[in-house]
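This report concerns only the one structure given below.
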Amino acid sequence: MDLDFTVLIACYHGDKIDRFNDAIDSIIKNTLKPKEIILVQDGPVNKEMSLYIERLASDGVVTLIKIDNNQGLTNALNLGLKSVTTKYVLRVDSDDINSETRFFEQMHELSLGYDVVGSAINEYDDNNNFLSKKIMPQSHEEIARYLKHRNPINHMTVGFDVSKVRMVGGYPSLSLREDYGLWIKLISSNCNFKNSSESWVSVIRNEEMYKRRGGVKHIISELKLQRLLVKNKVNNIFESLLIGIVRISLICLPAFLMK
């Protein structure tokens with residue numbers, strides 16, 4: 001099994017120090033250690049966060065890449081990918097907690113020949129009460145079908161072969177849906193996908209999250225996503241038109257109804 005991998009994480013001004021600290025701890029405490037943790041700081045952060053990040057970098061825990069002004073997750077991840085020297089990257093979000101065995105289990109799956117591997121997630125509220133387990137389609141065939149109308153991979157759980165992602169030009173310029181766009185490009189390039197039914201990551205789901213999923217910027221991004229699905233021949237224009245109408249209708253709902 002090829003155990004050579006990098007953890008890629010991005011942070012920005014909206015991250016909370018306690019969740020970020022827990023996310024970093026969950027990386028460090030994993031049973032299988034990454035060769036490197038690349039942390040991309042996307043623009044200025046508050047003083048407490050900045051001091052913590054600088055300490056992580058000075059102690060050699062992370063390789064820090066700083067962006068002067070916030071440019072969004074797409075740019076941050078593509079910039080981080082340029083510095084990766086390992087065959088595989090495992091993505092970690094700055095406010096999610098990884099199970100202690102995630103990296104071992106994920107690298108085992110990738111070593112079997114899959115290009116992209118994700119997992120289910122456990123969802124909790126702000127008070128750490130369990131809400132649900134979000135299970136994704138598991139086989140490549142199921143993922144390919146699911147891709148036509150919904151994002152088939154929990155982004156915060158994903159691991160992938162870096163060469164395959166570079167081959168398609170990295171994350172596309174598709175703000176708020178950059179991961180979905182990447183899966184479209186990779187599936188269209190005959191990459192092999194897999195999702196585990198195990199939950200490798202615990203995430204917080206709250207009202208604020210649903211508020212962030214609405215608005216004009218999401219509608220514009222959705223239109224671009226549907227165009228990408230047609231361009232890559234995942235859907236025909238009529239399928240994307242119908243699916244786009246349904247998805248945009250959901251985006252327009254108030255946060256409590258969207259939830």
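Things worth noting here:
- In this rough spin-label picture, where each label sits 7 Å from Cα along the Cβ direction, the Ser197-Ser173 distance is 4.3 nm.
- For the chain, the solvent-accessible area with a 1.4 angstrom probe is 49 square angstrom per residue.
- Between the beta carbons of Arg145 and Lys87, assuming R0 = 41 Å, the FRET efficiency works out to 0.90 to the nearest 0.05.
- Mean residue ellipticity, 222 nm, helices only, the chain: the sum of -39500 (n - 2.57) across DSSP H runs of n ≥ 4, divided by residue count and rounded to 500, is -12000 deg cm²/dmol.
- P(r) weight above 28 Å for the stretch 3-157, C-alpha pairs, percent: 22
- Assuming charge only on the beta carbon of Lys and Arg (+1) and of Asp and Glu (-1), the dipole of the chain about its Cα centre is about 1040 debye to the nearest 20.
- At R0 = 41 Å, FRET efficiency that the Cβ-Cβ distance of Phe238 and Arg19 yields, to 0.05: 0.45
- Note on percent of Cα pairs over 23 Å apart: of the candidates [x] 47; [y] 52; [z] 55, the value calculated from this structure sits at [y].
- For the chain, with all protein chains in place and a probe radius of 1.4 Å, 53% of the accessible heavy-atom surface sits on carbon or sulfur.
- Straight-line cross-link partners of Lys82 among the lysines, defined as a Cα under 19 Å from its Cα and at least 8 positions apart when in the same chain: Lys35, Lys66, Lys164, Lys185.
The values are calculated or read from the model by the stated rules, or taken from the named source; none is laboratory data. Owing to the predicted nature of the structure, the values given are computational and were not obtained by experimental measurement. When we count neighbours, we look across all protein chains shown, and the Cβ atoms used for this are built from the backbone with ideal geometry, even at glycine. Side chains included, ligands, DNA and RNA excluded: accessible areas come from the protein's heavy atoms. Shrake-Rupley method; radii C 1.70, N 1.55, O 1.52, S 1.80 Å.
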